[in-house]
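Computed from the coordinates by the stated procedures, all read-outs in this text should not be read as laboratory data. The model shown is predicted, which means the values in this text are computed figures rather than measured ones. Here the Cβ positions follow ideal geometry from the backbone for every residue, glycine too, while neighbour counts run over all protein chains shown.
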Amino acid sequence: ELGVSLSLVYKWAEQQSEDGSGSRNPLDRLMGIIELSDDNGIVEWLCRQRGGHFVKNSVHEGEPIGHVLPATREIISQFSDLLNEISDASDDHSVTKQEADKIRLYWDKLKSYAEAFVIACEKGEFKSMRPLA
């Protein structure tokens, strides 16, 4: 239970308008707090509460990644780095908290780069590729 009236929940679902209908919902307020604080800690906490992890997407603002082959090689290289880190950490048949944290960093970096790659593909940035010189 939210402890609020059903009508308030419906108002939260409405778009805010100049005539006053709708009401600023808690998610909008939370987004305002995150933007003002410029801290993703709240988002990270929410993700952990739901059993996940927050990984910020790479910034990809119209700046082309380049050719698909080097971009693909970079993904493979980052995946290789991750596997090396996992291998190094498990040499002694256990993984410490510090090693797990380092593995997480490599994993998050890979996911972030791969997401930027997928976004570039979705935008058609690799449609008209020229062969590498």
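Applying the Karplus relation 6.51 cos²θ - 1.76 cosθ + 1.60 with θ = phi - 60° to region 4-9 yields 3J(HN,Hα) values of 10, 6, 4, 5, 5, 4 Hz, where x marks Gly and Pro. When the square roots of the Cα gyration tensor eigenvalues are ordered a ≥ b ≥ c, the ratio a/c for region 6-49 is 1.5 or more and a/b does not exceed b/c, which makes its shape oblate. With r as the distance between the Cβ atoms of Thr72 and Glu1 and R0 = 35 Å, compute the FRET efficiency 1/(1 + (r/R0)^6) and round to 0.05. With R0 = 35 Å, the Cβ-Cβ based efficiency is 0.10. Placing R0 at 25 angstrom, the Cβ-Cβ distance between Asp81 and Asn40 gives a FRET efficiency of 0.60 after rounding to 0.05.
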